[in-house]
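The values are calculated or read from the model by the stated rules, or taken from the named source; none is laboratory data. What you are looking at is a predicted structure, and each value in this text was computed from that prediction instead of being measured. FYI the Cβ positions are ideal-geometry reconstructions off the backbone, even for glycines, and counts take in every protein chain you see. Keep in mind that these areas ignore ligands, DNA and RNA; they rest on the heavy atoms of the full protein, side chains included. Shrake-Rupley method; radii C 1.70, N 1.55, O 1.52, S 1.80 Å.
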Amino acid sequence: MKSLGIVGTGQLGWMMILEGRKLNIEFSVIGSDPEAPASRIADIFYYNKEYREFVDHCDIVTPEFEHVDRQILEYAEMQGKLFPNTKALDLKLERHREKMYLRDIGIPVADFYVAEDAARALAFSEKFADSIIKTSKGGYDGKGQFRKKKGENIELPGDQIYVVEKFIPFDFEASIIVARTREGRIFFNQPSYNYNQDGILLYNYAPCDDYGMREKASILVEKLDYVGVMGIEFFIKDGKSIVNEFAPRVHNSGHHTLSGSNISQFEQHIRCVIDLPMNEPGLLTHSGIMNILGVEIDEALERRILSIPGTLLYNYGKKALPRRKVGHVNVTAASNEELLRRLLDVKRVIYPEQV
Ligand code: ATP
Ligand code: MG
């Protein structure tokens, strides 16, 4: 029996365990909360301070989130057990390094400047008619982002490194889940159309056209000598794609693969990191997801969601704080039109005040 260690205890780790159970893998997780989604279903839970025992026990270690204790990753990498490598993970700790790396390897991104403090960030933003100023560290789910139009006055949260980005009036957002094996073979799940609201994914569906996403994804994972699944977000404008950001892990926009693909992103990741054979994932049906953000999933809501045809509920068992991801609904249908109708039915049930 292989022993896989997941660094982080959130819903991504939880779904990795749910999907990996069928391969008879033993799962350990490491974090600070024994009641977190992945902790509750793992075979073994370790506290962060026990990272040596955790790494020593596991055959392979993989993170489910990039903002995790660096010591754990270093110790695992030293022992040759860490997939993906810290190169990809480190780029994500500081957004300006991620952006510069993408630009350096020739992948198109939104025009940007790197500013060393708040005053310079505001000055750089005057170079764009419309911009988004992002803190370099600690941002996810739209946190640490400030939209500013030329001439407008806004306040930033103190001196730190910022990325000042041109606001892209995209036609829509899309993403792709790419997986690379230890031998360097690359596989894709179907790209998805994504709808973000206030910087956070609300719903998405697949398949959508490629717009050059596969090619850019291949270049990135090759250059990083990446092993495992990566989620890459794009802006699509006039039929062309530019990269917004990548996530060195399984990704929220890839949850549609739990229903729409014969190999989910979670199984794809597991097979790559523990070195099991991989094949091109096959499209089973039109599928999408609706995120449940900041809404308590009580029994009445659960019943209303599940009574909509084509739905599966993933309830992470988390307390509903404002905008927090506490679950998602997978939706399938025979056509994109039917899928959209069902997604909107699910949306009405979860967010009745928004309709
Ligand atoms: P995640 O949780 O996906 O890691 P994040 O907080 O790191 O999110 P981004 O993905 O960079 O943030 O941005 C969140 C959303 O804000 C994007 O999906 C997009 O809708 C919008 N956005 C970000 N940058 C731009 C831009 N340059 N132009 C237009 N919209 C943007
Ligand atoms: Mg994003």
Practice item. Would you check which residues across the range 2-50 are closer than 21 Å to Ile263 by Cβ, touching an Asp or Glu at 6+ places or on another chain (Cβ under 6 Å) and open to solvent by 50 Å² or more (accessible area, probe 1.4 Å) and list them? Key: Lys2
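Filter the range 329-346 down to the residues that are in a strand (DSSP E or B) and either crowded, with 22+ Cβ neighbours inside 10 Å or not assigned by TED's automatic domain parsing to the domain that holds His256 (or both) and list them by number.
Val329, Val331
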Review point. Which ones in the range 263-287 are part of a loop (DSSP other than H, G, I, E, B) and open to solvent by less than 20 Å² (accessible area, probe 1.4 Å)?
Key: Ile263, Ser264, Ile274, Met278, Pro281
Point to revise | Test: Leu102 is surrounded by 17 or more Cβ atoms within 10 Å (Cβ to Cβ), away from ligand 1 (no atom under 16 Å from the Cβ) and either of a type in the set (Ser, Thr, Tyr) or over 30 Å from Thr285 (Cα atoms) (or both) | key: no
Practice item. Determine which single condition Pro84 fails, assuming it passes every other condition in (1) away from ligand 1 (no atom under 12 Å from the Cβ); (2) open to solvent by less than 40 Å² (accessible area, probe 1.4 Å); (3) assigned to a helix (DSSP H, G or I); (4) under 27 Å from Ile30 (Cα atoms). Key: (3)
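So that you can scan it fast, the table gives a plain yes or no per residue for (1) in a helix (DSSP H, G or I); (2) assigned by TED's automatic domain parsing to the domain that holds Asn252; (3) among the acidic types (Asp, Glu); (4) within 16 Å of Ser3 (Cα to Cα):
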| residue | (1), (2), (3), (4) |
| --- | --- |
| Met15 | yes, no, no, no |
| Lys22 | yes, no, no, yes |
| Phe27 | no, no, no, yes |
| Ser39 | yes, no, no, yes |
| Arg52 | yes, no, no, yes |
| Val55 | yes, no, no, yes |
| Thr62 | no, no, no, yes |
| Glu66 | no, no, yes, no |
| Gln71 | yes, no, no, no |
Review point. Going by the conditions given, is Asn204 open to solvent by 40 Å² or more (accessible area, probe 1.4 Å), under 20 Å from Asn330 (Cα atoms) and in the same structural domain as Ile242 (by TED's automatic domain parsing)?
Key: no
Point to revise | Test set (1) small (Gly, Ala, Ser); (2) away from ligand 1 (no atom under 16 Å from the Cβ); (3) outside any loop (DSSP other than H, G, I, E, B) - Gly231 fails condition number | key: (2)
Point to revise | Residue among Ser218, Ser241 that alone is of a type in the set (Gly, Ala, Ser), more than 14 Å from ligand 2 (Cβ to nearest atom), part of a strand (DSSP E or B) and in contact (Cβ under 8 Å) with a residue 40 or more places away in the chain | key: Ser241
Review point. Is there a residue being within 30 Å of Arg182 (Cβ to Cβ), touching a residue at least 24 places away in the same chain (Cβ under 8 Å), within 16 Å of ligand 2 (Cβ to nearest atom) and open to solvent by less than 10 Å² (accessible area, probe 1.4 Å) anywhere in the range 67-76?
Key: no
Check your understanding: Condition test on Gln79, is it of a type outside the set (Val, Ile, Thr) and surrounded by fewer than 14 Cβ atoms within 10 Å (Cβ to Cβ)?
Key -> yes
Study note, to complete from the structure: Scanning the range 134-177 residue by residue, those more than 10 Å from ligand 1 (Cβ to nearest atom), under 19 Å from Asn196 (Cα atoms) and either touching a Lys or Arg at 6+ places or on another chain (Cβ under 7 Å) or in a loop (DSSP other than H, G, I, E, B) (or both) turn out to be Asp171, Ile176
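Of the residues Arg249, Arg323, Arg303, which single one is under 30 Å from Arg182 (Cα atoms), basic (Lys, Arg) and not assigned by TED's automatic domain parsing to the domain that holds Asp33?
Every option except Arg249 fails the conditions.
Would it be correct to say that Phe187 is open to solvent by less than 50 Å² (accessible area, probe 1.4 Å), more than 15 Å from the chain's Cα centre (by Cα) and touching a residue at least 40 places away in the same chain (Cβ under 8 Å)? Before the answer, list the steps.
Numbers: open to solvent by less than 50 Å² (accessible area, probe 1.4 Å): yes; more than 15 Å from the chain's Cα centre (by Cα): yes; touching a residue at least 40 places away in the same chain (Cβ under 8 Å): yes.
Yes: the conditions hold for Phe187.
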Review point. In the range 341-355, what count of residues is obtained for those that are within 27 Å of Leu18 (Cβ to Cβ) and either in contact with a helix residue (DSSP H, G or I) (Cβ under 7 Å, 6 or more places away or on another chain) or in contact (Cβ under 8 Å) with a residue 40 or more places away in the chain (or both)?
Key: 6
Check your understanding: Considering only residues of the range 142-171 that are open to solvent by 40 Å² or more (accessible area, probe 1.4 Å) and within 14 Å of ligand 2 (Cβ to nearest atom), which is modelled with the highest pLDDT?
Key -> Phe170
